[in-house]
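Okay, so here's the structure we're looking at.
Computed from the coordinates by the stated procedures, all read-outs in this text should not be read as laboratory data. Bear in mind that the values here come from a model prediction, so they are computed numbers and not experimental data. Positions of Cβ are backbone-derived with ideal geometry, glycine not excepted, and every protein chain shown enters the neighbour counts.
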Amino acid sequence: MRKGQVAIYLAMTLVVIVVLAVMNVSVYVAVRDKNRAQNAGDAAALAVAAEQGRLINEIGRLNLAHLRAQTPMEVAEIVERQRRLCLLGPVEAMQLAQDAARQEGASENDDYGELLNEHWNYAIQEYTKGDPYHEPYPGAWGEYIDAMSAQGAKKLYAYADNAEFYGIGAGHWLTTKSFYKAINGEDWCWFYFYCEYLLQNYRSYADWPALPGGDSYDTNNSEFFPLHLEVRKCAISSVYNRQELSEIEKNYNENLVDDQEQYWFFFRDDFRLPWNKLKDGFPAVGPVRDDRDYYGCSAVVRVKSGESEWTAAAKPFGDVDEKGLVLPAFTSARLIPIDAATAGERCTADREWVCHLRDHLDKYLDNGVSGLKPQCGYCAALRTWEHDSFRFRGRLWLRQYKNTCRRSFGGGLSGQGGAVGH
């Protein structure tokens, strides 16, 4: 071996060793961040779901206090406390998500803070005007905005990924994220299963129906981690007979509550369905225990750790009264697939997505592609969609290969989610 050759071989060996060491460090950091994000997301979702269960139990205890109430004044105070818990409690639960995510190593995320503060400013401008944003009790919007402001003023490590903003409705393909994913990925099977008629019949932006909306919104429930309860004005005797009322609360005051129309907190009918009654079914194998066979409220939380991102879903479980009156019967919180979560497809921790829904769609429906924003990825997908050649490729592919398509959970308009698992 000539002089100097050993040094060359040694240098080459050292380069390989250094590259391997760097790769090992990178892999270690990536795995560490993924584990931290997963642990943080799961912990945050469970913390919020447990708080949702506690809030439902407290509202249920107040329903029992309502049954025992002695005066109309006492009833009014009870109902206002329930309204406050239903509207403000879930917003304040966001702090529990922050604490849990931070303790498990999640990274602070400026986008989450900006999202919350942007919505806080929107609420100041719009909700306080009144219709269609009806205050559930006097002074509610001031307290609601203060609650959001208190959270937005702190460092945010986790964010609600299934927020249900009053002004942004579901039930429209333009507000369904999987529609945009199918465009970008040319996922013709998705169109085949959910809306092949769009590929076949769509001609221009003028074909779209109006976005979901209405003269009023369900402002009894928070937008963040809503409990999906209903404030029903009725005579409780029209729902339960005397024996049933005695079983619920043996000391109920029949003179005050029996035949008078008053406000009571019930579970919303569409959210207390058993899993197998849902339109698209529940992504589970085997039977579901009776005390967990309830769609109900849930928490979907997104967190980041380094470059890793994790979304987790959890929900409170307990026995739900057959006729729907809220009672203190929730005992546990468990992780669930995102597809099983209420509004799991909303993806409201995605700032670009929320901006698209709130700021871009109305302009697109009014002006077509000229109303779309150049920096928005979802707007870019709509530009692709507007090309006749794009939809023609889809029709051609389905004529030849649609028999190879296999359906997966989620993706439709039912609002059940877009991805199984996390």
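Relative to the Cα centre, the charge distribution of the chain, modelled as +1 at Lys and Arg Cβ and -1 at Asp and Glu Cβ, gives a dipole magnitude of about 2140 debye. Cβ-to-Cβ counts within 10 Å put THR404, THR311 in ascending order as THR404, THR311, the fewest first.
With no solvent and one equal point scatterer placed on each C-alpha of the range 160-306, evaluate the Debye formula and give log10 I(q)/I(0) for q = 0.10, 0.12, 0.13, 0.20 Å⁻¹, two decimals. For the requested q values the scattering log ratios are -0.60, -0.81, -0.91, -1.37. Projected label points at ARG351 and ASN253, each 7 Å from Cα along the beta carbon direction, are separated by 5.2 nanometres.
Among ARG334, ARG203, ARG36, the largest mean-square fluctuation in a Gaussian network model of the chain (Cα springs under 10 Å) belongs to ARG203. Using a cutoff of 8 angstrom between alpha carbon atoms and counting only pairs six or more residues apart, the relative contact order for the chain works out to 25 percent. Selection among ALA140, PHE266, HIS387 by position relative to the dipole of the chain gives HIS387 as farthest towards the positive end (Cβ unit charges, Cα centre).
Within the listed set ALA147, ALA101, ALA47, the residue fluctuating most in the Gaussian network model of the chain (springs between alpha-carbon atoms under 10 angstrom) is ALA147. Return the single residue from PHE271, PHE179, PHE392 with maximal mean-square fluctuation; model: Gaussian network over the chain, springs between Cα atoms under 10 Å. Top of the fluctuation ranking is PHE392.
Projecting the Cα atoms of ASN253, PRO72, GLY368 onto the charge dipole of the chain (Cβ charges, centred on the Cα centre) puts GLY368 farthest toward the positive pole.
In whole Å, what is the distance between the alpha-carbon centres of the range 242-263 and the range 209-241? After rounding, the separation between the Cα centres reads 22 Å. Show me the helices of the chain, taken as full DSSP H stretches, that run 30 Å or more along their long axis by Cα and average 0.5 or above in Kyte-Doolittle hydropathy. Span-like helices in the chain: 5-68. Once the chain from VAL231 to ARG407 is taken as fully extended at 0.36 nm per residue, the excess over their C-alpha distance is 59.6 nm.
Here's the list of lysines a cross-link from LYS233 could span, going by alpha-carbon distance under 30 Å and ignoring same-chain residues fewer than 8 apart: LYS129, LYS250, LYS277, LYS279, LYS315, LYS323.
Its residue count N fixes a reference of 2.2 N^0.38 Å for the range 62-133, and the Cα radius of gyration divided by that reference is 1.60. Treating each Cα of the range 247-346 as an identical point scatterer and summing with the Debye formula, the log10 of I(q)/I(0) at q = 0.13, 0.18, 0.20, 0.22 Å⁻¹ comes to -0.59, -0.92, -1.05, -1.19. Percent of C-alpha pairs per 10 Å bin in the chain, short distances first: 4, 19, 26, 24, 15, 7, 3, 2, 1, 0, 0. Each of MET94, MET73, MET148 was scored by other Cβ atoms within 10 Å of its Cβ. Listed from fewest to most, they are MET73, MET148, MET94. The overall shape of the range 84-184, judged from the alpha-carbon gyration tensor, is oblate: a/c is not under 1.5, and a/b is no greater than b/c. Cα-Cα pairs above 18 Å in the range 336-415: how many percent? That fraction is 61 percent.
Of the residues LYS129, LYS34, the one with the fewest other Cβ atoms within 10 Å heads the list, and the complete ranking is LYS129, LYS34.
The shape of the range 142-245 can be summarised by an equivalent ellipsoid whose semi-axes, obtained from the alpha carbon gyration tensor, come to 36, 25, 14 Å from longest to shortest.
For the chain, the 222 nm mean residue ellipticity estimated from helices alone, with every DSSP H stretch of n ≥ 4 adding -39500 (n - 2.57) and the total spread over all residues, rounds to -14500 deg cm²/dmol.
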